[in-house]
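> My questions will all concern the structure given below.
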Amino acid sequence: MDNCLGLLKIHVQRGVNLAIRDSRSSDPYVIFKLGKHKVKTRVVKKNVNPEWNEILTLSVSDPNTPVKLFVYDRDTFSFDDKMGDAEFEIGPYFNVVKMGLTGLPNRTIISKVQPNRKNCLAEESPIYISNGKVVQDIVLRLRNVECGEIELQLQWVDVLTS
């Protein structure tokens, strides 16, 4: 973990209205990439509205590097089919984390990231306090596909430096 600033915990909650890539459904999974690091969810069989409810962790060395995600349909006898991709910036979230806010009431909204043509946000993305930690809720609209969204929540973990 060279020059690691901290760990980004990504709570991959669910996919919504994902594309059908098999005869009647899909077997989706998601790959997240940040720089050289890559993590992956489990496959959810025969479901275009999968509930992953998984927490994946990426080490962050540059908060200006976007997190990229790729959704695939698992296939047994051929290459996995692409089901869309998206990316999101962690800079606004990182900036709030580094403010070192303490003692704020639960659900206090610190900032909001607005959807626009340059990002993949499907709706406004709040950065707020939850149980004493800064979190960000994100709904991403998938690109390069006919339909689909992925719902996430970000949380930061500081790493100790010696």
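> Keeping the other protein chains in place, figure out the carbon and sulfur percent of the accessible area of segment 1-125, with a 1.4 Å probe.
Details: 3590 of 7410 Å².
Heavy-atom surface of segment 1-125 belonging to carbon and sulfur, 1.4 Å probe: 48 percent.
> Return one whole number: the accessible area per residue of the chain in Å², for a 1.4 Å probe.
Details: 9310 Å² over 162 residues.
Ligands and nucleic acids excluded, the figure is 57 Å² per residue.
> Per-residue accessible area for Y29 at 1.4 Å probe radius, Å² rounded to 10?
My reading of the accessible area for Y29 is about 20 Å².
> Another question about this same structure. If you add up the charges near F79, with Lys and Arg at +1 and Asp and Glu at -1, over every other residue whose beta carbon is less than 14 angstrom from its beta carbon, what do you get?
Numbers: positive: R21, R74, K82; negative: D22, D27, D73, D75, D80, D81.
My count for the surroundings of F79 gives -3.
> Once every DSSP H run of n ≥ 4 in the chain is given -39500 (n - 2.57) and the sum is divided by its residues, what mean residue ellipticity at 222 nm do you get, rounded to the nearest 500 deg cm²/dmol? Provide the component values of the computation, followed by the final result.
On the way: 1 runs with 7 residues, N = 162.
Using -39500 (n - 2.57) per qualifying helix, the result is -1000 deg cm²/dmol.
> Another one. Kirkwood Rh and Cα-based Rg: tell me the resulting Rg over Rh for the chain, rounded to two decimals. The partial results should precede the final answer.
Working: Rg = 16.3 Å, Rh = 16.4 Å.
Checking Rg against Rh, the ratio lands at 0.99.
> So which residue, out of I20, I150, I127, gets the largest mean-square fluctuation from a GNM of the chain using Cα contacts under 10 Å as springs?
I20
> Just read off the accessible area of W156 with the full protein assembly in place, 1.4 Å probe, to the nearest 10 Å².
20 Å²
> What net charge is computed for the residues neighbouring V39, neighbours being all others with C-beta under 11 Å from the C-beta of V39, Lys and Arg scored +1, Asp and Glu -1? Intermediate values should be presented prior to the final figure.
On the way: positive: K9, K33, K38, K40; negative: E54.
Surrounding charge for V39 is +3.
The values are calculated or read from the model by the stated rules, or taken from the named source; none is laboratory data. These numbers were taken from a predicted model, which means no experiment stands behind them. FYI the Cβ positions are ideal-geometry reconstructions off the backbone, even for glycines, and counts take in every protein chain you see. The accessibility values were calculated without ligands, DNA or RNA, using every heavy atom of the protein model including side chains. Shrake-Rupley method; radii C 1.70, N 1.55, O 1.52, S 1.80 Å.
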